[in-house]
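So the structure is just underneath, and the comments pick up after that.
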Amino acid sequence: MPKRALTVPVAALALTLALLSQACAGPSGGGLLEGTATVIDGDGLYVAETEVRLFGIDAPEIGQYCKRGGANRWRCGQYSTVALDGLAGGKQVSCKVRTTDSYGRAIAVCTRQGRDLAEQLVRRGWALAYRRFSDRYVEAEETARDAKSGIWSGEFEEPWHWRRRRREGGAEN
């Protein structure tokens, strides 16, 4: 068999194996996901058929309420979801995967047109810097708090405390 005839099939096999190993690796740290975003909640979305949680932030849960003016409850979790949908829903985004969480979600820094989605959510007051995992968005949170933007316009329970209270059988809101 001529040497040249063997080169093309070997190169094609090598390329196929490389692509398969990348596809099977999934959304572990260091990968890049690109595609149209479908918003799940205030800090989660689907990109390229992968569930993604935005790195370094925590937004109120969809069923979570906040308060304004003492007793006036409002659905701050839904507002956070709408805020993320306005930034990314149905739009092309790019997500740099940092790791995968215990639920199998890709934890990623996602951008749209070069702007960090998580940073925008925190700066607008629709999510908190999740200091347990990162200090990256603390300055943006301080800006939102000082301006009384989003959830900072009233009273709220940090999403991580709200989830824990719910798991422990506490009242819904």
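A compact table of results
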quantity	calculated
Which of TRP126, TRP160 has the fewest Cβ neighbours within 10 Å, and the rest in rising order	TRP160, TRP126
Reciprocal mean inverse distance between Cα atoms of segment 29-167 - Kirkwood radius, Å	14.9
Dipole magnitude of segment 29-167, debye to nearest 20 (Cβ charges: Lys/Arg +1, Asp/Glu -1, about Cα centre)	360
Segment 114-151 versus segment 50-65: alpha-carbon centroid distance in Å	13
Length-normalised contact order for segment 29-167 - Cα pairs under 8 Å, 6+ apart - percent	27
Dipole of segment 29-167 [Lys/Arg +1, Asp/Glu -1 at C-beta], most positive-end residue of GLY42, TRP162, VAL93	TRP162
For segment 80-145: rounded, prolate or oblate by the Cα gyration tensor [a/c cutoff 1.5]	oblate
Charged-residue dipole, Cβ positions (Lys, Arg, Asp, Glu), segment 23-104 about Cα centre, Debye nearest 20	380
Packing-based exposure ordering (other Cβ within 10 Å, fewest first) of SER80, SER134	SER134, SER80
Footprinting exposure proxy for ARG165, ARG115, ARG136 (fewest neighbouring C-beta atoms within 10 Å first)	ARG115, ARG165, ARG136
DSSP-defined antiparallel bridges as percent of all bridges, segment 46-146, nearest 5	85
Highest to lowest packing among 39-46, 139-146, scored as the average C-beta count within 10 Å	39-46, 139-146
Segment 101-109 - phi-based ³J(HN,Hα) in whole Hz, Karplus 6.51/-1.76/1.60, Gly and Pro as x	8, 5, 8, x, 7, 6, 9, 9, 9
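Every number here is computed from the coordinates shown, using simple stated rules; none is lab data. Computed from a predicted structure; not experimentally measured. Here the Cβ is made from the backbone with ideal geometry for all residues, glycine too, and neighbour counts use every protein chain on show.
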